[in-house]
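Just dropping this structure here.
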Amino acid sequence: MDHFKQFTFKKFGYISIEKTDHEDFKQMRFQDFVKVVLLKSGSIIKVDFKEYPIEKDALFFINAGQWYLFEHIREGKMLYYNRDFYCIEIHDKEVACDGILFHNVYEIPVVYLTDEESASMHTIFEEIKSEISHDDSSTEEMLRILLKQIIIKSTRIWKQSHQVTDESAKQELEFSRKFSQLVEWHYTSKHSVADYADMLSITPKALNKRIAKYGKITPNDIIKNRIMLEAKRLLVHTDLSVKEIGYKLGYDDPAYFIRLFLKQTDVSPQNFRKQYLSGLVEN
């Protein structure tokens, strides 16, 4: 059942995802919203081009514009809201609207929960479900407080599971978050590591060293992966031509864009579209 509130420009909703209705769960209806999805173990979700079989209860943090598919649902609940609802300037950047659960250069933000953590999250979701049925002046703020609780608790769990404990690790995490943010904002116009190093006021070599410190992926990989992800989205979810997609991603030479796509994915853009639409491409 869907519950929805609108406070002027601020929008917030709650929906239960049942086995009986997940086939009718419309992607485009929620495309422009940030989504927080709580799924029971045994469910399967695909986010963009990666499938997640869930062995433990989990929370997924899905940005506006990200594509997802509920392939199998045991039980699920989803919060959805626009940035106007929760995009406040707060002192703790980790749990802001552009915090580490939404801008992470290393992985899709998913938080796996213990039984105790899952019970706590389910309680908050139920409080939200109850609160959204109210209609008084405090409802908006109470919903935001409950959402913030989920984000704070999830951020703590994520940091603990990734061993972000000392001050040095926290600084590096904030640096990677900032780099991820910049890539998200500029990937269609800035394609080189030097571009981002300049914005971060460091050398390309220093940027490579800091990003590679906590993962095997390089800044160049991250930039190219983001470009390719958007290219794949546009290939399978729009009718734009390959040439139009290349222009949209900042490549004036269609031949260069095709060669880049082939190099990064081992398949041409045309064949990727054909294979995906025929069900042959999994990731």
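Values quoted throughout were computed directly from the atomic coordinates according to the rules given, and no laboratory measurement underlies them. Keep in mind that what you see is a predicted model, and the values were worked out from it rather than measured. So basically every Cβ, Gly included, is an ideal-geometry build from the backbone, and we count neighbours across all protein chains shown.
Do the alpha carbons of any pairs in Lys35/Lys213; Lys77/Lys232; Lys248/Lys274 sit beyond 23 Å of each other, and which pairs?
Lys35/Lys213; Lys77/Lys232
Right, here's the next one. Karplus couplings for region 166-175 from phi (6.51 cos²θ - 1.76 cosθ + 1.60, θ = phi - 60°), rounded to Hz, Gly and Pro as x?
3J(HN,Hα) across region 166-175, in whole Hz: 8, 5, 5, 5, 5, 5, 5, 5, 5, 5.
Moving on. Just tell me the longest site-free run in the chain, where the sites are trypsin sites (Lys or Arg not before Pro) in a DSSP loop having at most 11 other beta-carbon atoms within 10 Å.
27-212
If the only charges are +1 at each Lys and Arg Cβ and -1 at each Asp and Glu Cβ, what is the size of the charge dipole of region 167-283 around the Cα centre, to the nearest 20 debye?
Here region 167-283 has a charge dipole of around 240 debye.
Related question: Using a 10 Å Cβ count of at most 11 others and DSSP loop calls, identify the longest part of the chain lacking such GluC sites (Glu not before Pro).
That would be 108-281.
Sticking with this structure for a sec: P(r) tail for the chain, what percent of Cα pairs lie past 33 Å?
The share of Cα pairs beyond 33 Å in the chain comes to 26 percent.
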